[in-house]
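Written out below as C-alpha cells is the structure these notes cover.
The values are calculated or read from the model by the stated rules, or taken from the named source; none is laboratory data. Note that the coordinates shown come from a computational prediction; the quantities given were computed from them, not determined experimentally. Backbone-built Cβ (ideal geometry, glycine too); neighbour counts: all protein chains shown.
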Amino acid sequence: MECVSTIYQKILNDTEAFSLAMDVFINTQAMSNSLHSKYKPCVPSIVGLLTLIDIVFDMFRDVGLHVVYEVFEAIKCHPTIEFEKAKGWKLCCFSKLPSPECLQVGHKTVHVRYMKLLQCLWLTTNICELERTRRSTVSHRVPTTRPSLHYELYRRSFCFVLRELERLYEDVVTQEKATSTRRWTMKNT
C-alpha cells in the first residue's frame, strides 16, 4: 500500500487503532446524518480512509479513466453486495477483454475476477448504513456477534481495496495504452 500515507497504514495494520476509529466513526455518524460532517478528525479516521478512496477515484476520473470512476459511483449506489451476472459475452470495462463471465455494475460490465474488489468497495462505502442497520437490529434482539468481528471485516476490506486500487490502475493504464497502440497501428496501415 505504497499510495497510503504512513498515518493510515498504522490504523490499517493495528486492529485496536482501527476498532477505536470505528467506534468514533459510528458514534459521530449517529449524531450526524452526513458522512462528511463538521467533524474534522485530527487522528487517522474512517472518514479519512473513505475520503482517501474518494480521492483515488477522483484521480482516476481526472486522468481520463472515467470508466473506473463510473463503476465506483455505481457500486456506491448499488442496493446490495451481490452483483448480477451479465448474460452472454460482454466486454469487461477494465480489461477491455470479452468474456462470458462478467458482472453487471450499473451500465458497465466487469469481469468476475474483480468481484472481491467490487464487494469490498461496496462494503467500505456502505459502512455507515451497514453499522446503523446492524446496531438497530441488535438492539431488538440478543447480539450474536461482537462488533470487533465486523470491524475486522471492514479493516481487511479497506486494506484490500487500497492495495487493489494500485493494481487496477496498472491494469487499466496498460489496457488503455494497448488500445491506443492498436488504434494508431490500424489508422496508419
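Every listed requirement among (1) in a helix (DSSP H, G or I); (2) in contact with an Asp or Glu (Cβ under 8 Å, 6 or more places away or on another chain); (3) among the aromatic types (Phe, Trp, Tyr) is met by TRP122 save one, (2). Can you work out which of the residues in region 129-159 that are assigned to a helix (DSSP H, G or I), farther than 17 Å from PHE18 by Cα and among the charged types (D, E, K, R) is modelled with the highest pLDDT? Only one residue tops the list, namely GLU129. Does region 58-70 contain at least one residue that is touching a helix residue (DSSP H, G or I) at 6+ places or on another chain (Cβ under 9 Å), under 15 Å from GLN119 (Cα atoms) and not hydrophobic (A, V, I, L, M, F, W, C)? No: region 58-70 contains no residue that is touching a helix residue (DSSP H, G or I) at 6+ places or on another chain (Cβ under 9 Å), under 15 Å from GLN119 (Cα atoms) and not hydrophobic (A, V, I, L, M, F, W, C).
Just so you know, in region 127-139 the residues that are of a type outside the set (Val, Ile, Thr) and buried (at least 18 other Cβ atoms within 10 Å of the Cβ) include one that is nearest to the chain's Cα centre (by Cα), and it is CYS128.
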